[in-house]
Each structure stands twice: as structure tokens, then as C-alpha cells.
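The values are calculated or read from the model by the stated rules, or taken from the named source; none is laboratory data. None of the values given here were measured: they were computed from a predicted structure. Cβ placement follows ideal geometry from the backbone for every residue including glycine, while neighbour counts extend to all protein chains displayed. These accessible areas exclude ligands, DNA and RNA; they are computed on the full protein's heavy atoms, side chains included. Shrake-Rupley method; radii C 1.70, N 1.55, O 1.52, S 1.80 Å.
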Amino acid sequence: MSQNTSTKSISLNNYGIKNATVNYNLSPEKLHQTCIDKNIGKEADSGALAINTGEFTGRSPMDRFIVKDDITKDKVWWGNINLPFDSDKFDKLYDKVVDYLSGKEIYVRDSYACADENYKLNIRVINEYPWSNMFAYNMFLRPTEQELETFSPEWTVVNAPGFMADAEVDGTRQHNFAILNFEKKIALIGGTGYTGEIKKGIFSALNFILPVFKETLPMHCSANVGKDGDTSIFFGLSGTGKTTLSTDPNRSLIGDDEHGWTKENTVFNFEGGCYAKVINLSKEQEPEIYDAIKKGAILENVIMDENGTVDFEDTSITQNTRVSYPIYHIENIKKPSIGKNPKNIFFLTADAFGVLPPISKLTPGQAAYHFISGYTAKVAGTEAGVTEPQPSFSACFGAPFMPLHPTKYAEMLSAKMKDTGVNVWLVNTGWTGGPYGVGSRMKLKYTRAMISAAMNGSLEDANKDNYHVHSMFGLAQPRTCPNVPDEILSPRKSWNNDKGYYETAKKLVNSFKENFKQFEEFANEEIMAGAPPSAN
């Protein structure tokens, strides 16, 4: 499945990169070996390449910018998420970056995003490091040799981890930056080796292009399809189980992170690979992901012993240890990565307070409300200063990548829900029996059983008496579910402490309400009716 080194040669002079040694579309095998030879990567006993991304082991949201120009000025939702960048300063910074890359050995890859031919976006990725280029091979879709002969890039990613900006001169916040320029169709990334910035740059661009120009809803979600052709969509923030729950031996994987839902009612993958968290990964719990870590995969910021054995529980570098691999490392995939007929949508949340039901069915108003809210929770130890669970809200389950106002995406989702009659479920993959530190994480086998019951209709077809409306959140939670103990389905009962449960639930309800104040003026009556009932 790997792509051989292309015989085509290209010049980077028109990008302003002079006298560079250009490695064009090298195979992953060649890039892997280059990293070993240059001593910037090591081989794990699985055959995967292990690298360290350096200072940054995750995204840096406060250093992500969008150039404010005639295309973006009246459409982008400017604020703390979408930070404006001056056009002239972009040009000057770009010139400095390409001057920095001039004379170096450079790795260039032509690839594309969007598995549906009608939405295809050709991308040229210019990397300073070979492992960044290998990441681009894994994560974007791979043209054939024939397609490469006539390939014409529409967007360009310029990725220079070793270049450090001068904040006072260049207009950045600090030395690292990720800047989108829609007029010039460039994603400019510098000062950070974290590979996620590459894929999220293109994802953010598509989150603007698809709804504005293509009437297509972009989604931060995973998706799979059943044997009967029914597509399921899984929304969720990092660590909530998107990749794990969509990688199902009984269903074909469409993709694990980024998709579009078209006006023709199809769902297509943006990417050609997966980028999964590997913290506490085990073959028993997540066999498909575990087995995908082999030659061609890239492990990031993991700890290995002298024999190349990875300790997936070791977070001494970061909690955000990851692996990227081409989607064909998963055996059961949909080819091409397109699904039809969406039947179920799952909003995944890791509620560290342990008060949300493990599964509940949402009305259209509740679905829009929870989509705009995008709730999960941070637990102690994941970030500096976090010593107890903290609510975390990210609009549309992907605010850092959404250039438009969240209600724009929510309105599109609501319209699609009504047009298709899709079922929407809120699934708590977080804590049960008490909050983080008291209770325990929901067992994966129970979450899988609940999702299977929702998909095969056992929850939907159940007698209406099976549902109990949660007094604090207003959510319809089932009383029984095949292969799940009844006491698990009621978060209050699992606590065995009614007073503590209701006090904690009230705090979370108030957090929802406080967060949603910023959206109230844009939300219609149906959405507002989806809010939790008053906590007072």
C-alpha cells in the first residue's frame, strides 16, 4: 500500500525557497529510514517510528491566527478562538520563513483532502523535517502516480518547526504560530514540531470553505458504517473515545476525526489516516488501534526501553501521547471513505463529575444545545494547575478549528437532523459511581453495549416506559439496556449518595448555563428549550 518515491522533480523557487534540496513524495519507508539515519527518530519493537515533537506536545490555541482580509473579515467569528492577523505582517513573516528554509534539505508532499471527488482539495505540504512529511503521508489522502503527473495544488502548507518568530516584530504572541491565509491559500506553521498543527490547519480551512462555498457541514467527528449501510457519526473532544468507539470490528471505519456531511446526504472523510491518543493503550481494550502501530506508523512523545518496547502508561513527556497511521493499517475500512444514510449521531463526553447519564436520547432542541455547548471535563493532572475536575466547553465539539460562529454549524446540523430523521444520543464515557477520584471510568464494554443497542434499535424500539427524564438535565435516559447492569444506567443510583450527587449535578447544570450565555442571543426558542431545566 505504500507509495514509492516519485520520479517527478519540482522546484520551490516560486514559493520563495531558493537553493533547497527537494525530496519529493518520498515513500514512508524512505522517510522512516531517513529519520533513523539522521538520529531524529527511533524504531519501536513494533516497527513504528518513534519521534519527539520537542517543546510542544499539543496544539497551541492562543497562537493560531487567521489573516483578516476581504474573504474573511465579515464571515469569520473573530474573538479568543479566531485571532486576526494583519495581511502585511503575514507577507513579511512568510518571507522570513521561506528565507529560513532556503538552502536546506526540504521534504515536499502532494496530497489531497476530502474522499468525495466533488469536494477534493489538493494540498502541497512543504516540511523542514522528514517525520513531519511522513505524518502528511499518513494523514492526508494519497494521489496515484498518474495523478501526481498532472497534480496542481490549491492549498499549501509551509511547515518550519525550527523557525522561531520574533513576537514584537512579526505580530505573533510568541515564537510559535499557525496562520491561515484564505486569500493566498497558505497554512504557515513555525516554531512548533507538533504534527497535529498540520492536519488541524487544513481542517480549519475546510471548516470555512465547505459551509461558505459548498453547502456542506464540516464535523469534528469519527464515522463508521454497518453491514446494512447505516452510517453512525461520533462527535467528541480529545479523550472522549471518538477513535476507539468508531473502530468497531463489526462496522467499517469511514474515518476517525474529520468529516463533511453533504447536501446529497453523504458523509465523507477529510483524511487518509488516523491520529489516535495512545495513553494507557492496550491490545485487550483497543486491539484495532494497537495492531495499527507497525511499520509506517509514527509514535509521538512516548517512552520506550532499550529494546524499543513502549510504556503506554508513561506520561512523563505528556498526557497527549499519540500515533498516526494510514487508514489502511485498520483492516475493516470503508473504501472509498464515504458513507450514506446517517442513522445515529453520538455526542461523546467524558464527564469527570460522574453526573451525566451514560446514555440518553436527545430531542432536536437538546441536540442543538449540546452540540453548541460541546461539553467534556478536564481531570487532575492533564494540565498544569488542574487539581480537580473542571468543566470544559468547546462549541461544536471543535471550537479551536471553527472559523464561523458556532450557531452556523448548529443550524446546519439541526436542518440535517430534521431532513433525515437521524437519532441523536448523548453518551458519557467518563465517570460513574462518583466524580474523578471517587468513582471509576465507565467500562468500555458497557459503552460499546449501549451504542450497539442504540444502533440496532433496541433502545429506540423499547417501550416508552423504559425512559426516565433526568430531573436536573431533562435528558431521557433508559432504565434498561441489553448487556448493561440497570444500576449503571442511573448515575444517581451508582453514587449511593443522593445529596452529594444532586449538589454536584447542580454545579454542572450551572456551568452549562453560564457557558451558554455567550450564545443565547443567537439561539432560537427550540435550542433554548433544550437547555437543562433551572437548577434553582
(message) Looking only at the chain, where both bridge partners belong to it, what percent of the DSSP beta bridges are antiparallel (to the nearest 5)?
(response) 60
(request) Could you give the C-alpha radius of gyration of region 264-307 expressed as a fraction of 2.2 N^0.38 Å, taking N as the number of residues it contains? (result) 1.53
(request) Could you grab the relative contact order for region 126-251? Cα pairs under 8 Å, six or more apart, rounded to a whole percent. (result) 17
(message) Can you compute the radius of gyration and Dmax for region 130-172, using only the Cα atoms, both in Å?
(response) 15.2, 46
(request) Could you rank L356, L83 by how accessible they are, 1.4 Å probe, largest area first? (result) L83, L356
(request) Could you tell me the largest-minus-smallest coordinate of the C-alpha atoms of region 51-154 on each of the three principal axes, in descending order and whole angstroms? (result) 42, 36, 26
(request) Heavy atoms only, probe 1.4 angstrom, no DNA, RNA or ligands counted: give me K513, K242, K68 ranked by accessible area, highest first. (result) K68, K513, K242
(message) Amide H of I279 versus every other amide H placed in the peptide plane: which residues, excluding those fewer than 5 positions away on the same chain, fall under 5 Å?
(response) T321
(message) Quick check for you: which residues of region 339-371 have the amide N under 20 Å from the point 7 Å beyond the Cα of E520 toward its beta carbon?
(response) 365-371
(message) Give me the extension gain from N332 to K263: residue separation times 0.36 nm, minus the current Cα-Cα distance, reported in nm with one decimal.
(response) 22.2 nm
(request) Would you grab the residues whose amide H sits under 5 Å from the one on T192? Only those 5+ places off in sequence or on another chain, please, with H modelled 1.01 Å from N. (result) F177
(request) Give, as ranges by residue number, the residues of region 466-508 whose backbone N falls under 12 Å from the point 7 Å along Cα→Cβ of K445. (result) 483-485
(request) Using only protein heavy atoms and a 1.4 Å probe, report how much of K30 is accessible, in Å² to the nearest 10. (result) 110
(message) Defining a contact as two alpha carbons under 8 Å apart and six or more residues distant in sequence, what relative contact order in percent does the chain show?
(response) 13
(message) Given N residues in region 178-293, what is its alpha carbon radius of gyration divided by 2.2 N^0.38 Å?
(response) 1.16
(message) Rounded to whole Å, give me the distance from the Cα center of region 277-348 to that of region 254-270.
(response) 20
(request) Treat each spin label as a single point 7 Å out from the Cα along the C-beta direction, and report the K294 to D91 distance in nm. (result) 5.1
(request) Please give the helix 406-420 orientation as an angle from the longest Cα principal axis of the chain, in degrees from 0 to 90, rounded to the nearest 10. (result) 60
(message) Could you report the accessible area of H259 in Å², rounded to 10, computed with a 1.4 Å probe on the protein chains as they sit in the structure?
(response) 0
(request) Could you check how much of the accessible area of the chain is carbon and sulfur, as a whole percent, using a 1.4 Å probe? (result) 46
(message) As a test question: what accessible area, to the nearest 10 Å², does M139 have when a 1.4 Å probe is rolled over all protein chains in place?
(response) 0
(request) Report the full-extension gain for the segment D419 to K73: residue separation times 0.36 nm, less the Cα-Cα distance, to one decimal in nm. (result) 121.4 nm
(request) Determine one quarter of the surface area of the Cα convex hull of region 83-136, which equals its mean projected area, and express it in nm² to one decimal. (result) 5.5
(message) Over region 74-193, what is the relative contact order in percent, taking alpha-carbon pairs closer than 8 angstrom and at least six residues apart?
(response) 22
(message) If a paramagnetic tag sat 7 Å from the Cα of Y467 along the Cα-Cβ line, which residues of region 348-373 would have the backbone N under 12 Å from that point?
(response) 360-367
(request) Find the accessible area per residue for the chain; the probe is 1.4 Å, ligands and nucleic acids are left out, and the unit is Å². (result) 40
(request) Using only Cα atoms, find the angle between the long axis of helix 28-37 and the longest principal axis of the chain, and express it within 0 to 90 degrees, rounded to the nearest 10. (result) 70
(message) So if I restrict to the alpha-carbon atoms in region 354-462, what is the Rg, and what is Dmax, the biggest pairwise distance, in Å?
(response) 15.7, 46
(request) Tell me, rounded to the nearest percent, the portion of alpha carbon pairs in region 425-536 spaced more than 25 Å apart. (result) 30
(request) Can you pull the one-decimal nm distance between simple spin-label points at R479 and A529, each 7 Å off the Cα toward Cβ? (result) 2.6
(message) Could you give each residue of region 248-261 its phi-based ³J(HN,Hα) in whole Hz, using Karplus coefficients 6.51, -1.76, 1.60 with θ = phi - 60°, and x for Gly or Pro?
(response) 10, x, 9, 9, 8, 6, 8, x, 10, 8, 9, 9, x, 10
(request) Using only Cα atoms, locate the centre of region 465-536 and the centre of region 94-168, then give the distance between them in Å, rounded to an integer. (result) 45
(request) Could you tell me, in Å, what Rg and Dmax come out for the Cα atoms of the chain? (result) 22.9, 73
(request) Please state the charge dipole magnitude for the chain, taken about the Cα centre, from unit charges on C-beta atoms (+1 on K and R, -1 on D and E), reported in debye and rounded to the nearest 20. (result) 720
(message) If each DSSP helix of 4+ residues adds -39,500 (n - 2.57) and the sum is divided by the residues in the chain, what number results at 222 nm, nearest 500 deg cm²/dmol?
(response) -8000 deg cm²/dmol
(request) With everything on Cα atoms, drop me the angle between helix 364-373 and the longest principal axis of the chain, reported from 0 to 90° to the nearest 10. (result) 50
(request) Working with all protein chains in place, sort R109, R322, R492 by solvent-accessible area computed with a 1.4 Å probe, largest first. (result) R492, R322, R109
(message) Could you check the spin-label model distance between N341 and N497? Points 7 Å from the Cα along Cα→Cβ, value in nm.
(response) 4.8
(request) Please give the contour-minus-distance gain from K185 to E145: 0.36 nm per residue of separation, less the Cα-Cα distance, rounded to one decimal in nm. (result) 12.0 nm
